[in-house]
Amino acid sequence: SVLEWAADELKADKEVVLAAVANDGRALSDAAEELKADKEVVLAAANQSFEALWFASEVLKGDKEVVQAAVKSSFVGTMDLALNTEELSADKEFVLGAVSNDASALGWATEHLRADREVLQAAINKDLSALKYATDKEIVLATVAKEGRALEFAAQEFQADKDIVLAAVNQDPREFYSVLEWAADELKADKEVVLAAVANDGRALSDAAEELKADKEVVLAAANQSFEALWFASEVLKGDKEVVQAAVKSSFVGTMDLALNTEELSADKEFVLGAVSNDASALGWATEHLRADREVLQAAINKDLSALKYATDKEIVLATVAKEGRALEFAAQEFQADKDIVLAAVNQDPREFYSVLEWAA
């Protein structure tokens, strides 16, 4: 602090020190010893920075009013100092205020206060990680029922409790992981629990026991919820037509190469027709024969004009550009050089930002 460079007589000047600590509580470190024992000075410093507490006299380090001011002023990363007296660590009012500011403060409270429902709930409300201190099933159940991800922080006995895990997996899915990850192994192998989990988040199949990844009922439920579930299914079920069809219908088919990784499915007209109706890019993984199939190709074009690039039939291209001139962009070069097709395209309504003629040969 700037006070470090002041003369000793000014480090002992209360007016100077009060001004210094009001701006930077850590300036208390450079104050004269008698001012480190002055409650007014220390309180002003603590209100500005929790770190000021390190430099207060031993008596004031244990003063409830001073410590409360410090706890409210900033991140309580040195709560062990604030709670270094049995009196404060057992003071419910103080601990309640501390955990409302920083849940980790609960770790320094007495065992009795860690089990206090009001104190514990205040800590959990601040940070779900405080759930690790919960020994009451009711609190854990209520918490995971609101925030399934809180299961991560529950004690092992609760991660192995079926009621609690079911409540957790029924919550909204997480973006990057499934809540089932934190369940005990025996519950990852419990079909009822896993079915509940994958019905809510198909990706939860990734955390299921291996035998359930090979269970068609479970995998089908997961695939119906998310295409990504297919990545975690057994090799046999990855090639199961019913499972893959469910996955294709459930979400964006950005990994169609997995769905069509068998010759059987890539040559199955019913399957490919359903796939391109959901995502035209699926046509790229179909057999050459099906890419030329008028019904399949038309379904893909209806979904996305870019599928016209697979068209080799002038009649299809002509009909498409006659409805949507901009489709000329995706036609093969031979069709972009076809006068009939280009005339049909340019006779369409003009586009807002470009001319269809741009794509003509």
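The values are calculated or read from the model by the stated rules, or taken from the named source; none is laboratory data. Keep in mind that what you see is a predicted model, and the values were worked out from it rather than measured. Using ideal geometry, Cβ is built from the backbone for each residue, glycine included, and neighbour counts are taken over all protein chains shown. Protein only, heavy atoms only, side chains kept; ligands, DNA and RNA dropped before computing areas. Shrake-Rupley method; radii C 1.70, N 1.55, O 1.52, S 1.80 Å.
In this structure, does L141 turn out to be at pLDDT 95 or above and in contact with an Asp or Glu (Cβ under 8 Å, 6 or more places away or on another chain)? Give the steps one after another, and end with the answer.
Values: at pLDDT 95 or above: yes; in contact with an Asp or Glu (Cβ under 8 Å, 6 or more places away or on another chain): yes.
Against the criterion (at pLDDT 95 or above and in contact with an Asp or Glu (Cβ under 8 Å, 6 or more places away or on another chain)), L141 qualifies.
When you scan segment 181-248 for helices (runs of 4 or more DSSP H) that lie fully inside it, which ones turn up with 2 or more residues that are open to solvent by 40 Å² or more (accessible area, probe 1.4 Å) and touching a Leu at 6+ places or on another chain (Cβ under 9 Å)?
On the way: elements: 185-188, 191-200, 210-213, 216-225, 235-238.
Correct list: 191-200, 216-225.
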Problem - G77 vs. criteria of a type in the set (G, A, S), assigned to a loop (DSSP other than H, G, I, E, B) and modelled with pLDDT under 95 - result: yes
Practice task
Quickly run through segment 315-325 and pick out the residues that are open to solvent by less than 70 Å² (accessible area, probe 1.4 Å) and either in a helix (DSSP H, G or I) or touching an Asp or Glu at 6+ places or on another chain (Cβ under 8 Å) (or both).
Solution key: I316, V317, L318, A319, T320, V321, A322, G325
Practice task
For E40, state whether it is acidic (D, E), at pLDDT 95 or above and either within 20 Å of V71 (Cα to Cα) or in contact with a Leu (Cβ under 6 Å, 6 or more places away or on another chain) (or both).
Solution key: yes
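Counting only residues that are more than 19 Å from E186 (Cα to Cα), give me the helices (runs of 4 or more DSSP H) lying completely in segment 103-163 with at least 1 of them. Write out each step before concluding.
Working: elements: 111-114, 117-126, 137-146, 156-159.
Answer list for segment 103-163: 111-114, 117-126, 137-146.
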Exercise for the section: State all residues of segment 288-314 that are in contact (Cβ under 8 Å) with a residue 24 or more places away in the chain and outside any helix (DSSP H, G or I); if no residue qualifies, say none. Expected result: D293, D304, A311
